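Here's the structure we're looking at; comments come further down.
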Amino acid sequence: MTLVAGVDSSTQSCKVVVRDAETGALVREGRAPHPDGTEVDPAAWRTALQAAIEGAGGLGDVAAVAVGGQQHGMVCLDEDGAVVRPALLWNDTRSAGAARELTAELGGGQAWADAVGLVPVASFTVTKLRWLAQHEPGNAARTAAVCLPHDWLTWELAGAPGVDALVTDRGDASGTGYWSPLTGEYRLDLLERAFGRTPVVPRVLGPAEPAGTVAAGDLVADGGAVLGPGTGDNAAAALGLAAEPGDVVVSVGTSGVVSIVSTTPMTDPTGTVAGFADATGYFLPLVTTLNAARVLDATARLLGVDHAELSRLALSAPPGAGGLVLVPYLEGERTPNKPHATGALHGLTLATAEPAHLARAAVEGLLCGLADGLAAVAAGGTPVRRVFLVGGGARSEAVRRIAPAVLGVPVLVPPPGEYVADGAARQAAWVLAGSDTPPVWPSAATEVHEADPVPAVRERYAEVRDLTAERLG
Ligand SMILES: Nc1ncnc2c1ncn2[C@@H]1O[C@H](COP(=O)(O)OP(=O)(O)O)[C@@H](O)[C@H]1O
Ligand SMILES: O=C(CO)[C@@H](O)[C@H](O)COP(=O)(O)O
């Protein structure tokens, strides 16, 4: 049996799956946690990758490996390839001011959307680089190369062979703000505008182009496995689900994401939809929120219950939670662009001051943000074919059952799994096969969840979602 491995280096953890290259059958898996925080030393991802690889029984017998990773994180390397400072992650909002400046400098959202398919917000790498140049000129001066989390881990697996050897793929490059999915080229002028000069950026590989081989070392004792280009986690999830044009993936992870596989690029001058590329040669317009599964974590903590009880409570309250609305901007928000907002609870009465109502409001609040996202990606013109629901939050029965009512469409829920890592593994198998299209692996049977749409939930949410306080400090 030929084995391939896929990695998901996500916000909260690192997951490794080992699969049969031919059938896609899961053979082994491992995982390890990442540290909390919106800036993280990449060395922690490497340590977690090493632990996850060990947990998955090592990769010595694996023929190919690819890495999927959280998008947009700014990894700065000096001329010797050493990390300059902890990486700023996609959910770090300190570059919100830089995003505003950059948008204005180019003449507004339309100019950015036309140039690179997105409008700057604090999540994107280009704004983090502007922040670095302004606030840490010493670190900026030491930065010889900039790359993304998955690029860096791929390069580490290759033995860190000098910064000129860095590679990436279309999917993740399209989330930087200085690579255009419309032309397939870097916009180094925009990188220079943000950073003041042009550091080395990774070479962008094709969807199934080999990225070299794994070096023998502490991550993998026996080197030689073929490396795939890897990709951003959302593009990897779409590949793991074998999503086809028109398929929407709603992911309730640390981020909330609504993405659609599309054969044409999307440019949204409002910045609601980011017009990314996917990992197969198509496009992946998506909407991302900063607040998803952690809203459930925080509400469970507040109520002193576990996730199973939170779900039971939510399902015991009426749709709309009697008018109680949780606006879930606990980490600020990216879509809508409110980096300094806080969460809010509206509609509190003696009747709604109940754990069950709060639990329901939390689930509905995060889903309302995603419902807005679904409307925005659907407005792009690609007809919606199917809607998949994945991510850690999809393990909640309440999320699975309430999602179709709030989103207004049936949702397909595959078995709990690591679809990002699976997508990376499928890419690794594709690279190995050298075929034109990814290998066909049997799709997991999905549970279909249907419910009568309850538009009143979104209507009430829309009435109050802008009534939030700014963060202190
Ligand atoms: N049964 C559950 N109900 C609700 N949330 C859950 C459940 N199981 C896990 N989660 C949450 O899912 C999140 C992790 O999901 P995951 O998709 O792996 O995130 P990421 O890829 O962003 O690291 C955590 O916040 C975790 O608490
Ligand atoms: O910023 C985005 C997409 O634009 C996020 O989706 C990150 O890619 C993090 O993903 P998770 O760790 O939540 O899966």
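LEU302: assigned to a loop (DSSP other than H, G, I, E, B) and open to solvent by 60 Å² or more (accessible area, probe 1.4 Å), yes or no? No, not satisfied. Every condition in (1) away from ligand 2 (no atom under 15 Å from the Cβ); (2) under 26 Å from ALA96 (Cα atoms); (3) touching an Asp or Glu at 6+ places or on another chain (Cβ under 8 Å) is met by VAL327 except one, and the failing one is (3). The single condition among (1) within 13 Å of ligand 1 (Cβ to nearest atom); (2) assigned to a helix (DSSP H, G or I); (3) open to solvent by 30 Å² or more (accessible area, probe 1.4 Å) that PRO416 does not meet is (2). Tell me yes or no: at least one residue of region 381-390 is modelled with pLDDT of 95 or more, assigned to a loop (DSSP other than H, G, I, E, B), more than 16 Å from ligand 2 (Cβ to nearest atom) and under 20 Å from ARG312 (Cβ atoms). Scanning region 381-390, I find no residue that is modelled with pLDDT of 95 or more, assigned to a loop (DSSP other than H, G, I, E, B), more than 16 Å from ligand 2 (Cβ to nearest atom) and under 20 Å from ARG312 (Cβ atoms), so the answer is no. Selection of region 144-186 for residues being surrounded by fewer than 24 Cβ atoms within 10 Å (Cβ to Cβ) and closer than 14 Å to ARG130 by Cβ yields an empty set. Pairs linking a residue in region 323-352 that is part of a strand (DSSP E or B) to a residue that is basic (Lys, Arg), with Cβ atoms under 7 Å and 6 or more positions apart or on different chains, are VAL325/ARG460; VAL327/ARG465; LEU330/ARG294; GLY332/LYS338; GLY332/ARG471. Within region 234-251, the set of residues being away from ligand 1 (no atom under 16 Å from the Cβ) and either in a helix (DSSP H, G or I) or crowded, with 24+ Cβ neighbours inside 10 Å (or both) comprises ALA243, VAL248. Does region 151-165 contain at least one residue that is within 23 Å of PRO35 (Cβ to Cβ), part of a helix (DSSP H, G or I) and in contact with a Phe, Trp or Tyr (Cβ under 7 Å, 6 or more places away or on another chain)? Checked region 151-165: at least one residue is within 23 Å of PRO35 (Cβ to Cβ), part of a helix (DSSP H, G or I) and in contact with a Phe, Trp or Tyr (Cβ under 7 Å, 6 or more places away or on another chain).
Are any of the residues in region 38-49 of a type in the set (Asp, Glu) and part of a strand (DSSP E or B)? So far as region 38-49 goes, yes, one or more of its residues are of a type in the set (Asp, Glu) and part of a strand (DSSP E or B). Taking the criterion of being closer than 16 Å to ALA403 by Cα and either more than 16 Å from ligand 2 (Cβ to nearest atom) or of a type outside the set (Val, Ile, Thr) (or both), the residues of region 288-312 that qualify are ASN291, ALA292, ALA293, LEU296, LEU310, SER311, ARG312.
Taking region 256-285 as the range and being of a type in the set (S, T, N, Q) and open to solvent by 20 Å² or more (accessible area, probe 1.4 Å) as the test, the residues that pass are THR263, THR264, THR267, THR270, THR272, THR280. When VAL226 is tested against (1) buried (at least 24 other Cβ atoms within 10 Å of the Cβ); (2) more than 15 Å from the chain's Cα centre (by Cα); (3) away from ligand 1 (no atom under 15 Å from the Cβ); (4) among the aliphatic types (A, V, I, L, M), only condition (1) is not met. Tell me which residues, restricted to region 171-214, are within 16 Å of ligand 2 (Cβ to nearest atom) and among the β-branched types (Val, Ile, Thr). The answer is THR176, and nothing else. Identify all residues within region 366-405 that are open to solvent by less than 10 Å² (accessible area, probe 1.4 Å), out of contact with any Gly (no Cβ under 8 Å at 6 or more places or on another chain) and within 15 Å of ASN291 (Cβ to Cβ); write none if there are none. Residues satisfying the conditions are LEU367, CYS368. Residues that are farther than 15 Å from VAL363 by Cβ and open to solvent by 60 Å² or more (accessible area, probe 1.4 Å) within region 312-348 comprise ASN337, HIS340, LEU348, listed in sequence order. Of the candidates THR231, THR267, THR254, THR263, the single residue that is farther than 19 Å from ASP169 by Cβ, more than 14 Å from ligand 1 (Cβ to nearest atom) and of a type in the set (Ser, Thr, Tyr) is THR267.
Exactly one residue out of ASP8, ASP20, ASP92 is within 23 Å of LEU132 (Cα to Cα) and charged (D, E, K, R): that is ASP92. How many residues does region 306-322 contain that are more than 11 Å from ligand 1 (Cβ to nearest atom) and either more than 13 Å from ALA359 (Cβ to Cβ) or not in a helix (DSSP H, G or I) (or both)? Looking only at that region, the number is 4. When LEU129 is tested against the conditions (1) part of a helix (DSSP H, G or I); (2) touching a strand residue (DSSP E or B) at 6+ places or on another chain (Cβ under 6 Å), the lone failure is (2).
The values are calculated or read from the model by the stated rules, or taken from the named source; none is laboratory data. Here the structure is a predicted model, which is why all the values come from computation and not from measurement. Every residue, glycine among them, receives a Cβ derived from its backbone with ideal geometry; neighbour counts consider all protein chains shown. Only protein heavy atoms, including side chains, enter the accessible area calculation; ligands, DNA and RNA are left aside. Shrake-Rupley method; radii C 1.70, N 1.55, O 1.52, S 1.80 Å.
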